[in-house]
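The values are calculated or read from the model by the stated rules, or taken from the named source; none is laboratory data. Not measured: the values here are computed from a predicted model. In this analysis, Cβ positions are derived from the backbone assuming ideal geometry, glycine residues included, and neighbour counts consider all displayed protein chains. What goes into the accessible areas is simple: the full protein's heavy atoms, side chains included, and nothing from ligands, DNA or RNA. Shrake-Rupley method; radii C 1.70, N 1.55, O 1.52, S 1.80 Å.
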Amino acid sequence: MPSPSPVTSLRSSDRTPLLFTVNMGLEDVVVDEFRERAAAAGLNVTNTDDAPFGLQSYALVEIDAAPDDALDVARRMRSVHHVLAPLYTFTLPADGEDALQAIHDTVTTLDVEAMETADTFRASSVRQGEHDFTSVDVQTRAGGALDARYDASVDLEDYDVEVRVDVREDQCLVSVQHTREALSRRQLEGYQPRAALKANVAYALLRLAHLDAPPNTLLDPFCGSGTILLEAADRWADTQCYGSDWNEEAVSGARTNVDLAGLSDRIAIRKGDVWHLDETFADVTADLIVTNPPFGVRMASSMDFYPFYRRVLGQMGAVLRPSGLVVMLVLRQGPFNTVLDESDRFASRHVRAIEIGGLYPYVFVLERL
C-alpha cells in the first residue's frame, strides 16, 4: 500500500484565501475583476494567482479581510462559475486504485472546519486529465472518508456543506464550495437555446476590450439569446446596445429576454443577416462590437470559413467607427488569420485561446483602422 502523500495546507489565520473556478484562458480576467471589486469595497488583496498550484481553470485570491466580507465581494463576481475556500492540496500516486485509496486515506485525516457543525454534506469532484477512475469514483471515496470522520450524513440535494475534491493530473485539491448554483447560471429565464453562450464568458469578453471608458454604442450581430447584450447593459449603465440575428426564433427570444430584464429601453434587437449589417444598422455607428459567431461544428466539413469571415469583417467595418474595437470568438483560426492578413481595415490587438464546452476557440480583439 502506498505511503500517504504530504499534505499542503492552504488555510491561514490572518487572511482569507478564495478560489474561483473559471473557463480555461480567462483566469487573469477573474483576478482583475476581483481586484476591482475588492478595491471598491475597501478590501486589501494581498496576493493573486491565475495558475494556482499549477492548475488551469482556477484563480486564487488572498484578502486581508474576514471571510464573510471577502465572500460578500466574491459572490458578486460575474466572470466565474463557483467560489471555493481552498483547504489542502496533495499529490496522487500514478496507479489508479492507489490514487483512489490515497484520496480516501488522506481526506480521512483532514480537518474541515465546516463539517464540524454540519448535519448533512455532499462530496463533489471535477476531474481533468487521463485517469483509470472517474469523478464519481473520487466522490465516492472522498464522501466515504468524510462520513467516517464527521458526524454528518450524505445528502446530495439538501446539504449543509459541499466539499470539493478536485483532481487534475496527479494533483488533488480539497475545498469547501460556497456557491450552490454557479454564478455563471444567470439569465436562465425566457429563451435559452442549447448552444447559448454562458453569461460569465460574455462578461469576460466585455472586459477583454480593456476600454478606458464605457462605449456609447455596442453591437452584437450574432446576438442569439442576447447574453452579451444583457451583460453589457448590466456593466455599462449608459451604453446603448443593439443586437441582430437572421433567425426569427432567436430575434423573438432575445426580445423576450430583454423585456424580462426590463432593458427594452437600452437594448434593441433587429432581424437581419450579418451579410447586410450596413443595411440593418444604417442609422448606427458602433464603438464596440462583441460577438460570438456560429462555430460551424456541425457543418465543419462542408463550410468554407474564409468567405464567411471575410464578409463578416467587411460588414463590421462598415458599421464600426475608426479606432472602434471588435471582440470576437473564432474557432477556425487559420482562415480568420488569412482574412486579417488581407484586411486593410482591422489590426489585431490581442489573441488568446479559451475553453468553452470542450472546444477551444480564440478570442480576437481587433481595432478598426
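Okay, here's what the table says:
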quantity	calculated
Length-normalised contact order for the chain - Cα pairs under 8 Å, 6+ apart - percent	13
Span from the region 225-273 Cα centroid across to the region 330-366 one, whole angstrom	24
Of 293, 307, 215, the one that fluctuates the most in a GNM where the chain has Cα springs shorter than 10 Å	307
With Cα atoms, 0 to 90° folded angle of helix 27-40 axis to the chain main axis	90
Dimensions in Å of region 206-315 - Rg and Dmax from alpha carbons	14.1, 43
Accessible-area value, residue 241, 1.4 Å probe, nucleic acids and ligands omitted, Å²	0
Point-charge dipole on Cβ atoms (K/R +1, D/E -1) for region 1-113, about Cα centre, debye to 20	300
Carbon and sulfur %, accessible surface of the chain computed with the full protein complex present, 1.4 Å	45
Size of electric dipole in the chain: Cβ of Lys, Arg +1 and of Asp, Glu -1, about Cα centre, debye, nearest 20	1300
Percent antiparallel among DSSP beta bridges (both partners in the chain, rounded to 5)	65
Stretch gain in nm, segment residue 185-residue 130, where the contour uses 0.36 nm per residue and the Cα spacing is subtracted	17.0 nm
Degrees, to the nearest 10: 333-342 long Cα axis against longest axis of the chain	40
Among 346, 101, 232 the positive-end extreme of the charge dipole of the chain (Cβ point charges)	346
Dipole-positive endmost among 203, 182, 308 within the chain (Cβ charges, Cα centre)	308
Full-extension gain in nm, residue 284 to residue 24, via 0.36 nm per residue minus C-alpha separation	90.1 nm
Rounded FRET efficiency, nearest 0.05, which uses the C-beta distance separating residue 151 from residue 276 and R0 of 56 Å	0.25
Inter-label distance, nm, simple model (7 Å from Cα along the C-beta direction), residue 347/residue 64	4.1
